[in-house]
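K.L.:
My structure is below; once you've seen it, I'll send some questions.
The values are calculated or read from the model by the stated rules, or taken from the named source; none is laboratory data. On a predicted model such as this, the values are computed, not experimentally measured, just so you know. A quick note on method: Cβ atoms are made from the backbone with ideal geometry, for glycine too, and the neighbour counts reach across all protein chains shown. Accessible surface areas use protein heavy atoms only, side chains included; no ligands, DNA or RNA. Shrake-Rupley method; radii C 1.70, N 1.55, O 1.52, S 1.80 Å.
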Amino acid sequence: MDPLTQGVLGAALSQSASNKNHLLVAGALGLLAGMAPDLDVLIQSSNDPLLFLEYHRRFTHSLLFIPFGSLLCGLVLHPLIAKRQRFSFKQSWLYCALGYSTHALLDACTTYGTQLLWPLSTERFAWNTISVIDPLFTLPLLILLFFATLKRTPWLARIAFAWALLYPSLGMIQRDRAEAAGWHLAEQRQHTPARLEAKPSFGNILLWKVVYETEHRYFVDAVRVGTSVKTYPGESITRLKISRDLPWLTPDSQQAKDIERFRRFSDDYLAQDPNDAMRIVDVRYSMLPNQINPLWGITLYPSADKTQHAKYTTHRDNSPVNREAFLSMLLGE
């Protein structure tokens, strides 16, 4: 989730557990601690472009790391913010722990995948109930938190936190409706998907991208789930098969290892970019939910030596044509 939403949610829970005298400091501690787990993005390497993918939403996002992560936040934030307001360190740690604890669970509501049980498990939990940026989720939190702080009224922060629980629950209902529509569409095509999932499109829980896998191909479609369900049939692409698509790739080379690393990150939704045979893409994400126009991938180099890494690349086609098409689907046109 975006940093603003993470911080606001952390502040909402911290303020929910505070009184009016502690509200401002509790909110500040919860806000900063709520954003702190994303400091893992600083774990990067100029020599290994995929390193940040491996460590983002890993140990800092584990539920088991909350006591340690919040303690580190408390050690930093207590002398900077709370000590001068005569808070005890125990109070500061409590508010930091409340703020920190919201982060991973909110991330797990999105589609990226979060290692909630690391180091016991490296499974990435992705409940696919909310977009990584959703104004309808964030703005009510922000407004309620602003007035809670201004009026020194903790009950407004509690309403904000209740909204944070309600909205993803609504997203879960919407996700299930979109998946049901996807299964129906696959049945009409006489397909029997090995797996199928629906992901919210950018900034809303009304328009969804449905991705399903058959024996040899991936299919993507857009589904709008409002008072009625409307589908926008999309595209398909052949699944990646290294022996067929990249016969020149040495199995023990670093680029081959990078494909496997990217496969884990992409939950094995890999294909060869139809416009660039040297680019391996994650078919789950695109600006338009019924297109295969991936947002990210890795680029390979046949001339590379065995130790050279693949290059991580991004592509966001936010052209006026795409924006207009997206809006049309969002409005059900």
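K.L.:
Can you pull a Stokes-Einstein diffusion coefficient for region 224-273 at 10 °C (1.306 mPa s), Rh from Kirkwood over Cα pairs, as a whole number of µm²/s?
P.N.:
119
K.L.:
Here's a follow-up. Dipole size in debye (nearest 20) for region 61-147 around its Cα centre, Lys and Arg Cβ +1, Asp and Glu Cβ -1?
P.N.:
Around 520 debye, computed over region 61-147.
K.L.:
How many Å² of accessible area per residue for region 1-93, probe 1.4 Å?
P.N.:
That works out to 48 Å² for each residue.
K.L.:
GluC sites (Glu not before Pro) within region 200-276: which are DSSP loop residues with at most 10 other Cβ atoms inside 10 Å? Don't skip to the answer; put the middle values down first.
P.N.:
On the way: sites: 213, 215, 235, 260; in loops: 215, 235.
Taking region 200-276 and a limit of 10 other Cβ atoms within 10 Å, the loop GluC sites (Glu not before Pro) found are 215.
K.L.:
Let me ask you something else. Only Cα pairs under 8 Å and at least 6 apart count here; give the relative contact order of region 189-233 as a rounded whole percent.
P.N.:
29
K.L.:
Report the semi-axes of the equivalent ellipsoid for the chain in whole Å, largest first, where each axis is √(5λ) for an eigenvalue λ of the Cα gyration tensor.
P.N.:
39, 26, 15
K.L.:
Assigning unit charges at the beta carbon (Lys, Arg +1; Asp, Glu -1) and nothing else, what dipole magnitude in debye, to the nearest 20, does region 207-333 show about its Cα centre?
P.N.:
Numbers: 17 positive and 17 negative charges, 33 e Å.
Result for region 207-333 is approximately 160 debye, rounded to the nearest 20.
K.L.:
If you don't mind, there's one more thing I want to ask. Any idea what the relative contact order of region 36-115 is, in percent, if you count C-alpha pairs under 8 Å spaced at least 6 apart?
P.N.:
In percent, rounded to a whole number, it is 33.
K.L.:
Local charge sum around residue 7 (other residues, Cβ-Cβ under 14 Å, Lys/Arg +1, Asp/Glu -1)?
P.N.:
Once positives and negatives cancel, what remains is -3.
K.L.:
Cross-link list 241/306; 90/199; 20/83; 20/90: which exceed 29 angstrom alpha carbon to alpha carbon? Don't skip to the end; give the middle numbers.
P.N.:
Numbers: 241/306 20 Å; 90/199 40 Å; 20/83 18 Å; 20/90 18 Å.
Pairs exceeding the cut-off: 90/199.
K.L.:
To the nearest 20 Debye, how big is the dipole of region 60-208 about its Cα centre, given +1 on the beta carbon of each Lys and Arg and -1 on that of each Asp and Glu?
P.N.:
Approximately 760 debye in magnitude.
K.L.:
Related question: Mean Kyte-Doolittle hydropathy of 0.0 or higher plus an axial Cα length of 24 Å or more: which whole DSSP H helices in the chain meet both?
P.N.:
89-108, 154-188
K.L.:
A follow-up question, please. Considering the Cα trace of region 112-231, what is its radius of gyration and what is Dmax, both in angstroms?
P.N.:
17.8, 59
K.L.:
Looking at region 178-211, which trypsin sites (Lys or Arg not before Pro) are DSSP coil and have at most 16 other C-beta atoms within 10 Å of their C-beta?
P.N.:
Passing sites in region 178-211 are 189.
K.L.:
Accessible area of region 89-129 with a 1.4 Å probe: how many percent of it is carbon plus sulfur?
P.N.:
On the way: 1180 of 1660 Å².
Percent of accessible area from carbon and sulfur atoms in region 89-129: 71.
K.L.:
Remind me, what semi-axes does region 12-64 give for its equivalent ellipsoid, largest first in whole Å, using sqrt of 5 times each Cα gyration tensor eigenvalue?
P.N.:
Computed over region 12-64, the values are 33, 11, 5 Å.
K.L.:
Sequence neighbours fewer than 8 away in the same chain don't count; with that in mind, list the aspartates and glutamates whose C-alpha is under 12 Å from residue 230.
P.N.:
Residue 230 reaches 221, 333.
K.L.:
So what is the calculated 222 nm ellipticity per residue for the chain, using -39500 (n - 2.57) for each DSSP H run with n of 4 or more, over all residues, to the nearest 500 deg cm²/dmol?
P.N.:
One gets -14000 deg cm²/dmol as the mean residue ellipticity at 222 nm.
K.L.:
If you check each cysteine of the chain for another cysteine whose beta-carbon is under 4.7 Å away, which ones come up empty?
P.N.:
109 - these cysteines have no disulfide-compatible partner (Cβ-Cβ under 4.7 Å) in the chain.
K.L.:
So how exposed is residue 35, as accessible area in Å² (1.4 Å probe, rounded to 10)?
P.N.:
Approximately 60 Å² of residue 35 is accessible to the 1.4 Å probe.
K.L.:
With an 8 Å Cα cut-off and a minimum separation of 6 or more residues, compute the relative contact order for the chain in percent. Intermediate values should be presented prior to the final figure.
P.N.:
Working: 654 pairs, mean separation 44.8, N = 333.
Reported relative contact order: 13 percent.
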